[in-house]
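S.K.: This is the structure, below, for whatever I ask next.
The values are calculated or read from the model by the stated rules, or taken from the named source; none is laboratory data. Predicted model only: the values in this text are computed from it and were never measured. Ideal geometry is used to build each Cβ from the backbone, glycine not excepted, and the neighbour counts take in all protein chains shown. Side chains included, ligands, DNA and RNA excluded: accessible areas come from the protein's heavy atoms. Shrake-Rupley method; radii C 1.70, N 1.55, O 1.52, S 1.80 Å.
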Amino acid sequence: MPEKESRQIILKGIGGSPGICIGKAYLLDKEGVDVIKKYFIPGEDLKSEKNRFKSAVKKAKDELHGIIEGIPDDLRETANILETHAVLLKDKMIYGKTIEIIEKEKINAEWALKKAVSDIRDMFKSMSDPYFRERAADIVHVSELITKNLVGADYSGVRDIDKRVILVADDLSPAETSQIQLERVMGFVTDRGGITSHTGIIARTLEIPAVMGVDLATSLIKNDDLMAIDGLTGEVVVNPTEETLVRFVKHKIAYEARRAVMTRGIHLPTRTLDDCYIQIMGNIELPEEVVSVKNYGGDGIGLYRTEFQYLSRAGFPTEYELFDKYRDVVEVMAPKPVTIRTLDINGDKALTYHSTAQEQNPALGLRGIRYCLKRTDVFKTQLRAILRAAAYGKVRILFPMISDCGEIREARRLLNEVADSLEKEGAGFRRDIEVGIMIEVPSAVIMADIMAKEVDFFSIGTNDLIQYSLAIDRGNRHVAHLYEPLHPAILRMIKTVSDAAKNSGIKVFMCGEMAGVPLYMPVLLGLGITELSMNPSSIPGVKYVITCLNHADTEAFAKTALGQSTAEDVKTLLHDTYEDIFSGSAEIPIPAFHGENNGEDN
Amino acid sequence: MSSSPEKFSKNAVIVNELGLHARSAAKIAEIARTAKSKIWVIRDGEKADAASIIDMLALACSKGTRVTISADYSEDIEILNRIKALIQNGFGE
């Protein structure tokens, strides 16, 4: 195939970290090793090429054994993993296959190994069981060990980048990201990963633009290609034309100007023009994300999703593991509140060894509080960890998927039970924490007035509430366009919940994606929401818009909005009424629906 | 292909929580590599080379999976016994 000449290529990914940059590509190969060269080996040298491979494997094996011997007994787990790697080195699918490829295709050992490994990796990746899928990482690690020994002194990785570049990689491991001299990196583009991938988090924390999940980025982009990326829209342009460059530069200037306006006063409390205080919180999944919430001036954590520690692992996390992570977050945020949502998945399914039992309709299945009340052992472990972490700052607990008052009572009973046993043990913990529920099932909306008597706060999870109320699966592209937060039915439901909370004197928050969209602020404020929690990078935009609003006006506005017939009508009304605020920023896209979450989100 | 495998095969059920994962497969592979003939792990008719961890992982055997271990030659019956014992003991986990 002829090489593509510097023709402009436009790629689309997921905006991982907002910002725009233009620069040259620096390609990292899959394992962080510089791109491996392919060359042919003349027939008479094949034997020595195979020997070169064999000795690289031997060296890797010796190295591993050296490391294993030096591991103290209490790190037995690590030694076990490395021992597995040592056996893998000689696995026929790596070892035998590479030798076979050298022989058959008469190519160098590095390339042959790469080929063998990528086949295996594809096989693992296509497996449905997350544990087995993860094994691909072991294979990559083993092949990297061999590659290092094959390439020898020329081996270079992420450490050696010596100019300002846009890093292009398959994905970056935490180890790799920690080695990069980040001041040399202007932006990230990765084949894989999403908003919550490690690279995405790092990029947002450092405010470096990043686009993730760009299929084929590493195969289409070559080293030193000029490229322009937009971390908000997810656009990546390789070999941009003159016009494209002008467009990006314009956007960059506009983005930075707007950003400067938004970040001014970002650490001040968010008040409307008529001095109503609105709390702006961050949603997080990993403890590391606390940094971005703080950087963006968040008033606390409105939603700490705890599923991550249960995923892709070979057993339930222990109380200590959970406590350790929760304490990290709670301590860093203190005295600001951290709202910990209890497990909102089917834990058995997240764990590897139970994965065979597929539910027909998981969104309507055994998940969230339903699962926790069934597996009280798993639930209690988490509750213990949360209560213990509560001793280190301000913790609020949030139960997901509540559809019935009985569930609240049962969950509270277990929470008390756990607190009693912690007290008996004399453990450090806190009992008097606020207890709230997610309002995300329509039955909870209808029962909100009754439920309000049983809890300290409501948190409206709009993602699921909209899906359940409008009967729309956002993952289904035939109906995804019908997903509409401004649907008058949704607004009326929010109103019902907000009124119920007000009547019982409890607080009402919102933590779905809807809460992070500046355009929706007039209606949300008007409906009486006083605390909003969102992806950290949405905080500045939302804060900015709120400071332009008059709370009393939004109440009148919400009343009119509630009387509309369709979402279109509400949208038109919004644009007409708040034209001055939103048209001023029309040049710049309204900060992300950091969407594409896999449905298991609030 | 060599003689019919039924003659030299043993059945076992995976009992450890984690299933036939990388480390347990490594233990089987270590034994299988000392065999004179090829040793196979078979799940629902799908065959994996017991000397290859990767091949075995591809079977994705979780806890409770029934597997058959077979050898191409009768000399390796002792190897089969050792692997069967290993699986039944939950790989000593």
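S.K.: Take peptide A:92-105, look around each residue's Cβ out to 10 angstrom, count Cβ atoms belonging to other protein chains, and average those counts.
M.R.: 2
S.K.: Starting from the Cα of A:LYS252, draw a straight line to each of the lysines and keep only those under 17 Å, dropping any in the same chain fewer than 8 residues away.
M.R.: Leaving aside lysines fewer than 8 places away in the same chain, those within reach of A:LYS252 are A:LYS24.
S.K.: Here's a follow-up. Which value in nm describes the separation of the simple spin-label points at A:LYS125 and B:VAL13, placed 7 Å from the Cα toward the beta carbon?
M.R.: Calculated label separation equals 3.7 nm.
S.K.: On to the next question. Have a look at the DSSP beta bridges in the protein assembly as shown and tell me what percent are antiparallel, nearest 5.
M.R.: Looking only at bridges with both residues in the protein assembly as shown, the antiparallel portion is about 45 percent.
S.K.: Please compute the length gained on full extension between A:LYS104 and A:LYS54, using 0.36 nm multiplied by the number of residues separating them and subtracting their Cα-Cα distance.
M.R.: 16.3 nm
S.K.: Can you count the Lys pairs in segment A:392-537 with C-alpha separation below 18 Å, eight or more apart or on different chains?
M.R.: 5
S.K.: Output the pairs from A:LYS12/A:LYS38; A:LYS97/B:LYS63; A:LYS47/B:LYS38; A:LYS38/A:LYS125; A:LYS38/A:LYS222 with a Cα-Cα distance over 19 Å in this structure; if there are none, say none.
M.R.: The pairs that break the limit, which is 19 Å between Cα atoms, are A:LYS12/A:LYS38; A:LYS97/B:LYS63; A:LYS47/B:LYS38; A:LYS38/A:LYS125.
S.K.: Considering chain B as a Gaussian network with a 10 Å cut-off on Cα pairs, which listed residue, B:ASP76, B:ASP44, B:ASP55, attains the greatest mean-square fluctuation?
M.R.: Checking each option, the largest mean-square fluctuation is seen for B:ASP44.
S.K.: What spacing in nm lies between the two simple spin-label points modelled at A:PHE40 and A:LYS12, each 7 Å away from Cα in the Cβ direction?
M.R.: In this crude spin-label approximation the distance works out to 4.1 nm.
S.K.: Still on this structure, I have one more. Can you sort B:HIS21, A:HIS251, A:HIS267, A:HIS141 by solvent-accessible area, 1.4 Å probe, largest first?
M.R.: A:HIS267, A:HIS141, A:HIS251, B:HIS21
S.K.: Please list, ordered by chain and number, the residues whose modelled amide H lies under 5 Å from the amide H of A:ALA210; skip anything fewer than 5 residues away on the same chain.
M.R.: Amide H neighbours of A:ALA210: A:GLY16, A:SER17, A:PHE188, A:GLY231.
S.K.: Another question, then. Rounded to the nearest 0.05, what FRET efficiency is calculated for A:ASP275 and A:LYS571 with R0 set to 41 Å and r the Cβ-Cβ distance?
M.R.: 0.90
S.K.: Using a Förster distance of 22 Å, how high is the FRET efficiency between A:ALA427 and A:ASP324, based on the Cβ-Cβ distance and rounded to 0.05?
M.R.: That pair, A:ALA427 with A:ASP324, gives E of 0.95.
S.K.: Starting from the alpha-carbon convex hull of segment A:43-154, give the projected area averaged over all orientations, in nm².
M.R.: Averaging across all directions leaves 7.6 nm² for the Cα convex hull.
S.K.: With every atom except the alpha carbons ignored, what do you get for Rg and Dmax of segment A:477-575, in angstroms?
M.R.: Radius of gyration, then largest Cα-Cα span, for segment A:477-575: 13.3, 42 Å.
S.K.: Can I ask one more? Would you tell me the mean number of C-beta atoms belonging to other protein chains that fall within 10 Å of each C-beta in B:25-33, as a whole number?
M.R.: Partner Cβ neighbours, averaged per residue: 3.
S.K.: So what is the orientation-averaged projected area of segment A:181-279, using the convex hull of its C-alpha atoms, in nm²?
M.R.: Projected over every direction and averaged, the Cα hull of segment A:181-279 covers 8.5 nm².
S.K.: Additional query: Add -39500 (n - 2.57) for each DSSP H run of 4 or more in chain A, then divide by its residues: what number comes out at 222 nm, to the nearest 500 deg cm²/dmol?
M.R.: That calculation yields -13500 deg cm²/dmol at 222 nm.
S.K.: Between A:GLU417 and A:THR376, 0.36 nm times their residue separation minus their Cα-Cα distance comes to what?
M.R.: That works out to 13.6 nm of additional length.
S.K.: Taking every alpha carbon pair in segment B:5-92, what does the distance histogram look like in 5 angstrom bins from 0, in percent?
M.R.: The distribution over segment B:5-92 is 3, 18, 31, 30, 15, 4, 0, given as percents.
S.K.: For a Förster distance of 51 Å, can you work out the FRET efficiency between the beta-carbons of A:THR547 and A:ARG164, rounded to the nearest 0.05?
M.R.: E between A:THR547 and A:ARG164, to the nearest 0.05, is 0.90.
S.K.: What is the ratio of the Cα radius of gyration of the protein assembly as shown to 2.2 N^0.38 Å, where N is its residue count, to two decimals?
M.R.: 1.07
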